[in-house]
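Trainee: Following this message is one structure expressed as structure tokens.
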Amino acid sequence: MRIVQLLVFTALTFFASKLSAQESDSAHQDHFECGYNEATERLFEKFPEQRGIAEVARKQLEAETKDFIEHKDTEDDLLIIPVVFHVVHAGGDENISDQQIYSAIDALNEDFTASNSDIGSVIDEFVDIIGDVQIEFRLAKIDPQGNCTNGITRHFTELTDEGYFDMKDEVGIWDRSSYLNIWTCRQIGDPGPGGTVLGYTFQPSQVSGSFGTNYDGIVMASEHVGSIGTSTSSRRHTLSHEIGHWMNLSHTWGDNNNAGVSCGNDGVADTPTTTGSPSFCDLENVTCGSLDNVQNFMDYTFCFRMFTEGQSNRMRAAMNSSIASRNQLYTPANLADTGVLDPDEICFAEFTLDKNPKICLGQEITFQDISYNGIENWEWTFEGGSPATSTESNPTILYETPGEYSVTLTVSNSQGEQTVFKNDLINVLGESEYALPFEEGFENMSDIEENDEWVVVNPDGSGVRWQVTDQAALTGDQSVHVRGRSNQDFQKETLESPTFDLSELEDGAVFSFKYAHARRNSSSDDFFQVRISRNCGENWNLRETRDIDELPTVSGNVGGQFVPSSENDWEEVVIDNISSIFLTNQFRVRFEFTSVNGNNIFIDDINIYDPNTLSVDNSDVVKEITLFPNPASENVRLRLDLNENQNIRIDVIDASGRIVQSPFSGLMTSGAQSIQIQLDRFLTPGMYFVRLTGEEGIAVRKLIVK
């Protein structure tokens with residue numbers, strides 16, 4: 001008995017198809033295979049008691065189906081099914097748009113009323129048995145708590161790559177007797193050899209009883225939902241296939257695991273006995289003595305177009321049954337409770353932006369209306385923007401003057417209007433907010449998100465983000481940190497700097513900072529990246545990557561919340577490969593920390609400077625000064641020629657200006673001198689400066705330790 005139906009996509013090969021002209025859009029498309037065994041084991045391993053319950057329910061539903069079909073003597077009334085989409089995402093393209101979901105509803109309503117645009121290409125042999133299921137799907141307008149909704153919920157979680165019971169447990173389900181629940185996610189996971197799952201659902205008998213109240217519904221890979229966005233027109237029928245299973249249909253060849261293996265029967269009288277098409281659309285395919293209905297939604301090809309009358313009757317019988325509460329969905333009381341018969345009353349006005357609202361001069365922001373329901377008119381007002389007003393649903397606005405600006409949106413239809421006003425939403429940064437040298441230790445900052453320059457990007461809106469802390473600092477009392485120990489896996493937290501003017505520099509710039517981090521355990525996989533931008537963040541270029549093998553600054557694992565406790569817990573990063581193309585007045589820096597079962601990270605002592613300002617030649621002190629070799633690893637020799645006898649101090653300084661070693665201090669005679677400076681015991685790889693301070697002045701040379 002089939003417990004769960006899965007669609008498995010493989011893109012390992014393409015098959016040459018024998019297609020008629022009207023089927024040419026299906027050539028070389030994806031195809032389905034089934035992961036039945038693995039899915040069944042997954043179900044019964046988690047809920048072993050459900051096996052017996054499911055078998056009893058299956059026999060009852062089959063008896064009810066037979067009786068329903070035998071006594072059916074009237075035309076079918078239209079059944080309306082309230083639907084909720086739970087979009088499960090981690091901030092990527094899998095966070096599909098409302099419009100893509102609307103296109104999925106449109107495709108379902110076409111397929112289940114035999115009005116899909118490709119129904120006319122059904123071949124002559126099957127035209128007379130095309131089934132009109134007479135079912136319409138509508139997004140809910142009232143949620144289980146009685147609040148206004150657009151029938152779409154969004155959930156930020158890395159379980160978007162899991163797609164099974166854990167995902168449903170975290171996201172939750174709306175009452176399955178009132179709503180058809182559809183979860184969309186980035187990927188459902190691999191049920192075994194064969195590829196990536198496109199979608200799955202349980203037949204009604206498998207989710208009978210209390211078990212089904214938590215798991216009944218359909219899970220879809222986001223790339224196979226609707227016909228736009230991340231999906232395509234050829235994939236728009238995939239959800240119809242799954243809803244066929246949800247309404248108690250089997251594949252056209254029955255309940256065996258794989259298409260193309262053996263002749264089977266799906267329990268529907270007017271679907272030909274077949275092995276099913278395992279890969280491609282052959283309209284002349286004959287596998288079990290008669291022409292196969294490869295255009296059937298319950299086959300595995302992407303040229304499916306139709307249900308049969310027999311399949312339609314079987315689905316209507318499932319919807320007439322109390323098993324899995326299918327017959328409760330379309331009752332007048334439930335349609336009223338879910339609001340699907342109500343006119344589109346606007347109950348929520350809101351909009352989103354395509355980028356962080358802290359932008360630079362001359363940048364554009366696209367605003368997207370996400371108000372609901374039934375918006376017909378938009379009136380935008382953009383303080384400081386060009387244009388200053390718009391009646392488009394998703395306008396793009398240019399900002400050319402520094403400052404903070406408000407945005408107002410009023411949406412309306414024949415039922416009324418709603419307004420949302422956001423004061424000082426847009427912060428347009430000026431060019432060259434800082435000249436060099438620049439130092440930042442976060443000492444005079446209580447909340448980094450409330451300042452006018454630094455930008456915190458926090459995709460899920462949680463409290464785990466870049467924040468100012470007084471728990472630890474290398475210098476002073478404060479630093480910034482991410483509590484990665486408390487973050488979700490693969491959550492990326494971003495911190496972007498204000499703009500800097502590097503346009504007057506000749507030989508590049510140097511950017512340095514100190515950080516501290518620790519492993520949590522052997523499974524930790526945190527990683528950290530640093531990027532720079534020449535155009536205020538329109539484009540970012542990678543300059544430093546540290547994975548879990550290079551990232552920790554302390555040895556061993558720290559099982560609790562890591563906090564650096566000494567200077568030795570910090571490490572310096574010096575980035576000096578900032579080429580001339582980046583010497584603009586819109587230079588910015590970005591820190592990106594991604595948590596994967598890891599721990600906290602701290603940053604302090606950020607410096608950006610012109611290296612030439614520290615490379616001083618002072619002829620009153622010294623005739624000649626050189627370092628050899630340079631770069632150096634174990635030691636370096638300082639050669640100099642003094643003008644006269646004098647007291648000399650030699651210091652090795654790191655990129656932030658801190659003295660890390662003083663190899664000589666005392667009287668030095670005139671003439672040529674040579675001093676060896678040991679490096680390997682004192683200095684980590686990076687950029688340093690050797691400074692000679694005499695009675696008449698200072699001379700400095702840059703040193704690279706490798």
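Trainee: Let's see if you can work this out: charge +1 on each Lys and Arg Cβ, -1 on each Asp and Glu Cβ, no other charges. What is the dipole magnitude of segment 366-520 about its Cα centre, in debye to the nearest 20?
Mentor: Here segment 366-520 has a charge dipole of around 1000 debye.
Trainee: Something else about it: Would you work out which of Asn647, His224, Tyr164 lies farthest towards the positive end of the dipole of the chain? Charges go on Cβ: Lys and Arg +1, Asp and Glu -1.
Mentor: With unit charges placed on the Cβ atoms, the residue in question is Asn647.
Trainee: Another one. What list do you get for Lys702, Lys72, Lys141 if you sort them by fewest beta carbons within 10 Å?
Mentor: Fewest-to-most Cβ neighbours within 10 Å comes out as Lys72, Lys702, Lys141.
Trainee: Here's something else I'd like to know. Quick check on packing: order 286-294, 409-417 by the mean number of other C-beta atoms within 10 Å, highest mean leading.
Mentor: In descending order of packing, they fall as 286-294, 409-417.
Trainee: Report, in whole Å, the centroid distance computed from the Cα atoms of segment 137-216 and segment 311-346.
Mentor: 18
Trainee: For a quick check: sort Val133, Val88 by the number of other beta carbons within 10 angstrom, fewest at the front.
Mentor: Val133, Val88
Trainee: Rounded to a whole number of µm²/s, how large is the Stokes-Einstein D of the chain at 10 °C and 1.306 mPa s, given Rh as the Kirkwood radius over C-alpha pairs?
Mentor: After rounding, the answer is 53 µm²/s.
Trainee: I've got another one for you. Return the long-range amide H neighbours of Phe527 (sequence gap of 5 or more, or a different chain), with a cut-off of under 5 Å between placed amide H atoms.
Mentor: Under 5 Å from the amide H of Phe527: Thr594, Val596.
Trainee: On to the next question. In bins 5 Å wide, starting from 0, what share of all Cα pairs of segment 438-610 does each bin hold, as a percent?
Mentor: So the P(r) values, bin by bin, are 2, 9, 18, 21, 21, 16, 9, 4, 1, 0.
Trainee: How do the peptides 175-186, 209-220, 623-634 rank, highest first, by the average count of neighbouring beta carbon atoms within 10 Å per residue?
Mentor: The densest-packed peptide leads the list: 175-186, 209-220, 623-634.
Trainee: Set the Förster distance to 45 Å, then compute FRET efficiency between Asp477 and Arg637 from the Cβ-Cβ distance, nearest 0.05.
Mentor: For Asp477 and Arg637, the calculated efficiency is 0.65.
Trainee: Still on this structure, please answer the following. Taking the Cβ of each residue in Glu223, Glu110 as the centre, tally the other Cβ atoms inside 10 Å and list the residues starting with the fewest.
Mentor: Least to most surrounded, the residues fall as Glu110, Glu223.
Trainee: Determine the gain in length on full extension of the stretch Glu404-Ser566; use 0.36 nm per residue of separation and subtract their C-alpha separation, reporting nm with one decimal.
Mentor: Between Glu404 and Ser566, full extension yields 54.3 nm more.
Trainee: If amide H atoms are built 1.01 Å from N in the plane of the peptide, which residues on other chains or at least 5 residues away come under 5 Å of the amide H of Phe297?
Mentor: Arg305, Met306, Phe307
Trainee: Work the Kirkwood hydrodynamic radius out for segment 60-167: mean of 1/r over every pair of different alpha-carbon atoms, inverted, in Å.
Mentor: Result for segment 60-167, one decimal place: 17.2 Å.
Trainee: Let me ask you something else. Relative contact order for the chain: what percent, with Cα pairs under 8 Å and sequence separation of 6 or more?
Mentor: This gives 10 percent for the chain.
Trainee: Between Asp489 and Glu449, what is the label-to-label distance in nm when each label sits 7 Å out along the Cα-to-Cβ direction?
Mentor: 2.6
Trainee: Also, quick follow-up: If I model segment 351-429 as equal point scatterers sitting on the Cα atoms and use the Debye formula, what is log10 I(q)/I(0) at q = 0.26 Å⁻¹?
Mentor: Debye curve over Cα of segment 351-429, log10 I(q)/I(0) at q = 0.26 Å⁻¹: -1.25.
Trainee: Within the P(r) computed for segment 383-492, what percentage of the Cα pairs occupies the region above 23 Å?
Mentor: Beyond 23 Å sits 52 percent of the P(r) for segment 383-492.
Trainee: Taking amide hydrogens as modeled 1.01 Å from N in the peptide plane, which residues meet the under 5 Å criterion relative to Lys358, leaving out close sequence neighbours?
Mentor: Asn427
Trainee: Whole-Hz ³J(HN,Hα) for each residue in segment 627-632, computed from phi via Karplus 6.51 cos²θ - 1.76 cosθ + 1.60 with θ = phi - 60°, x for glycine and proline: what do you get?
Mentor: Calculated HN-Hα couplings, in order: 10, 8, x, 8, x, 9 Hz.
Trainee: Cross-link candidates for Lys514: which lysines have Cα within less than 23 Å, leaving aside residues fewer than 8 places away along the same chain?
Mentor: The reachable lysines, counting only those whose Cα sits under 23 Å from Lys514, are Lys492, Lys702, Lys706.
Trainee: Find the Rg to Rh ratio for segment 145-296, where Rh is the Kirkwood radius over alpha-carbon pairs and Rg uses the same atoms.
Mentor: Using Cα coordinates only, the ratio equals 1.00.
Trainee: How big is the C-alpha Rg of segment 279-384 next to the rule-of-thumb value 2.2 N^0.38 Å, as a ratio?
Mentor: Normalised by 2.2 N^0.38 Å, the Cα Rg of segment 279-384 equals 1.90.
Trainee: Which ³J(HN,Hα) values in Hz, rounded to whole numbers, follow from the phi angles of segment 468-478 under the Karplus curve 6.51 cos²θ - 1.76 cosθ + 1.60, where θ = phi - 60° and Gly and Pro get x?
Mentor: Those phi angles translate into 6, 9, 10, 5, 7, 7, 7, 10, x, 10, 9 Hz.
Trainee: Quick one: Karplus J couplings for segment 327-337, per residue in order, coefficients 6.51, -1.76, 1.60, θ = phi - 60°, nearest Hz, x for Gly and Pro?
Mentor: Result, rounded to whole Hz: 6, 8, 5, 9, 5, x, 5, 6, 4, 6, 5.
Trainee: What is the dipole size for the chain, taken about its Cα centre, with +1 at each Lys and Arg Cβ and -1 at each Asp and Glu Cβ, in debye to the nearest 20?
Mentor: In debye, rounded to 20, the chain gives about 1740.
Trainee: What number, rounded to the nearest 500 deg cm²/dmol, is the helix-based mean residue ellipticity at 222 nm of the chain, given -39500 (n - 2.57) per DSSP H run of at least four residues and division by all its residues?
Mentor: About -3500 deg cm²/dmol.
Trainee: Farthest toward the dipole's positive end in the chain, which of Thr693, Tyr372, Ser205, given Cβ charges of +1 (Lys, Arg) and -1 (Asp, Glu) about the Cα centre?
Mentor: Of the listed residues, the answer is Thr693.
No value in this document is a laboratory result; all are computed from the given coordinates. Source: prediction; values computed, not measured. Every residue, glycine among them, receives a Cβ derived from its backbone with ideal geometry; neighbour counts consider all protein chains shown.
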